[in-house]
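The structure under discussion appears below in the form of structure tokens.
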Amino acid sequence: MEGDAGRDLGCQKIMDGKVTSDKIPMEKKVIPSCCIKAMASAPELDAKCHSTVVSGWFSEFRSSPDGTPRTYYNNPMWPGEAHSLQVEKILYKEQSEYQEVLVFESFAYGKVLVLDGIVQLTEKDECAYQEMIAHLPLCSISSPKNVLVVGGGDGGVLREIARHSSVECIDICEIDKMVIDVSKKFFPDLAVGFEDPRVQLHIGDAIEFLRNAKEGMYDAIIVDSSDPVGPAQELVEKPFFEMIARALRPGGVLCNMAESMWLHTHLIEDMISICRQTFKGSVHYAWTNVPTYPSGVIGFLICSTAGPPVDFLNPINPIEKVEGSRKSSRELRFYNSEMHAAAFALPSFLKREVSVLRDSPTSVGRVYV
Ligand code: SPD
């Protein structure tokens, strides 16, 4: 069984440099200072048993490929911090060809999808991510027709794209079929996106898919990936962005998940620099808040190729006028035109730290240094 509770406490003891005997009664044991809630000498109930769950609380963790004890609160993407969610019940845990897939029912955020120990979505706050990553680009161009989603196997982004009745074809390239199957089973409100007849599903590697895509084929490409550790590593590198730019029509748009401004300014700076070299239209950074993501926010890199200029800050295709958006069975929960405009307002520290954002936002065109 995964998540041996005693081993987990052992790990905490080692971290504190104190080793207490298992024969000492519970009430006399020293609780490791790093995690008061890790009182895990009582075994976890089977329904809550997983290596990321300590005393009924899930925390994002750093996995150890060599099998040594896992170090809690030290994920390489966000060292020194972790967000915890109280687990009601683990519903699914399986290793796919690419990653570990975990679903649990949480106390406060509904069902949660976790890949390789990292929260991908919760039922409560997924709207803040899926609605923004889909409508920020699609509302910025008129009559989008061909759209590609990279990743997004849970279907939530598809659900949002489907609100745009101008769209004729939605290709999705997801590497891990298990994510799709799990979403269909546990997250029907997201997986409903796969039921749209315009959706063409491609299971496979996005790089390979883009290599074979017709030049200038897409009006918009949305990259809904996991963090760039593991299978998504290549999705923040220059060759990937070059392939995206090639697959977009002139004046086509990319919206790419771009991490947290509180945690990843170097990564953001690198991604923006690559995109400035690659996308000859405009390059912007926008963000939204998602309480269950590390630091509670996540950003998007939004770019356009050379061609008809795209004014991301003043969308030409406002959602309130998008045909089909009100017909959808599910009302928008987060996105509206005010949220669209607000997403491009950047805090002073970010403009200072990421030099390429210093004079942003601009109305149309490049992000100037
Ligand atoms: N740090 C987590 C980033 C996850 C981004 N992808 C989420 C997938 C939701 N469709």
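The values are calculated or read from the model by the stated rules, or taken from the named source; none is laboratory data. In this text, all values refer to a predicted model and were calculated from it rather than measured experimentally. So basically every Cβ, Gly included, is an ideal-geometry build from the backbone, and we count neighbours across all protein chains shown. What goes into the accessible areas is simple: the full protein's heavy atoms, side chains included, and nothing from ligands, DNA or RNA. Shrake-Rupley method; radii C 1.70, N 1.55, O 1.52, S 1.80 Å.
Is there any pair with a first residue in region 105-130 that is outside any strand (DSSP E or B) and a second that is within 11 Å of the ligand (Cβ to nearest atom) and of a type in the set (S, T, N, Q) whose Cβ atoms are under 7 Å apart and which are 6 or more apart or on different chains, and what are they?
Note: pairs meeting the criteria are Tyr109/Thr122; Tyr109/Thr292; Gly110/Thr122; Asp125/Thr292.
Among the residues of region 224-276, how many are closer than 18 Å to Pro308 by Cα and open to solvent by 40 Å² or more (accessible area, probe 1.4 Å)?
4
Per-residue answers, yes or no, for (1) at pLDDT 95 or above; (2) under 18 Å from Tyr218 (Cβ atoms):
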position	(1), (2)
Ser260	no, no
Leu267	no, no
Gln277	no, no
Pro294	no, no
Ile298	yes, no
Cys303	yes, yes
Ala306	yes, yes
Val310	yes, yes
Asn314	no, no
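Checking the structure you have, find out if any residue of region 242-254 is at pLDDT below 95 and either more than 16 Å from the ligand (Cβ to nearest atom) or not aromatic (Phe, Trp, Tyr) (or both).
Among the residues of region 242-254, not one is at pLDDT below 95 and either more than 16 Å from the ligand (Cβ to nearest atom) or not aromatic (Phe, Trp, Tyr) (or both), which makes the answer no.
Of all residues in region 295-330, count the ones that are within 25 Å of Ser355 (Cα to Cα), open to solvent by 20 Å² or more (accessible area, probe 1.4 Å) and not hydroxyl-bearing (Ser, Thr, Tyr).
Count: 5.
Here is a yes/no grid of residues against (1) closer than 30 Å to Gly56 by Cβ; (2) open to solvent by less than 10 Å² (accessible area, probe 1.4 Å); (3) modelled with pLDDT of 95 or more:
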| position | (1), (2), (3) |
| --- | --- |
| Phe107 | yes, no, yes |
| Lys111 | yes, no, yes |
| Gln130 | yes, yes, yes |
| Ala134 | no, yes, yes |
| Leu138 | no, yes, yes |
| Ile141 | no, yes, yes |
| Val147 | no, yes, yes |
| Asp154 | yes, no, yes |
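Examine region 186-197 for a residue that is in contact with a Gly (Cβ under 9 Å, 6 or more places away or on another chain), in a strand (DSSP E or B) and more than 11 Å from the ligand (Cβ to nearest atom), and state whether such a residue exists.
No.
I'd like to verify a number: residues in region 135-159 that are near the ligand (Cβ under 10 Å from one of its atoms), within 26 Å of Pro308 (Cα to Cα) and part of a helix (DSSP H, G or I), how many?
Residues that pass the stated criteria total 2.
May I ask you to list the residues in region 277-294 that are open to solvent by less than 40 Å² (accessible area, probe 1.4 Å), farther than 25 Å from Phe334 by Cβ and out of contact with any strand residue (DSSP E or B) (no Cβ under 6 Å at 6 or more places or on another chain)?
If the condition is that a residue be open to solvent by less than 40 Å² (accessible area, probe 1.4 Å), farther than 25 Å from Phe334 by Cβ and out of contact with any strand residue (DSSP E or B) (no Cβ under 6 Å at 6 or more places or on another chain), then Thr278 is the only one that fits.
Consider Arg333 carefully, then state whether it is open to solvent by 60 Å² or more (accessible area, probe 1.4 Å), within 16 Å of the ligand (Cβ to nearest atom) and modelled with pLDDT of 95 or more.
Numbers: open to solvent by 60 Å² or more (accessible area, probe 1.4 Å): yes; within 16 Å of the ligand (Cβ to nearest atom): yes; modelled with pLDDT of 95 or more: yes.
Spelling it out, Arg333 is indeed open to solvent by 60 Å² or more (accessible area, probe 1.4 Å), within 16 Å of the ligand (Cβ to nearest atom) and modelled with pLDDT of 95 or more.
Restricting to region 116-128, count the residues that are within 11 Å of the ligand (Cβ to nearest atom) and either open to solvent by 20 Å² or more (accessible area, probe 1.4 Å) or acidic (Asp, Glu) (or both).
4
With the structure loaded, tell me whether Leu190 is touching a Lys or Arg at 6+ places or on another chain (Cβ under 8 Å) and under 30 Å from Arg330 (Cβ atoms) or whether it fails that test.
Yes: the conditions hold for Leu190.
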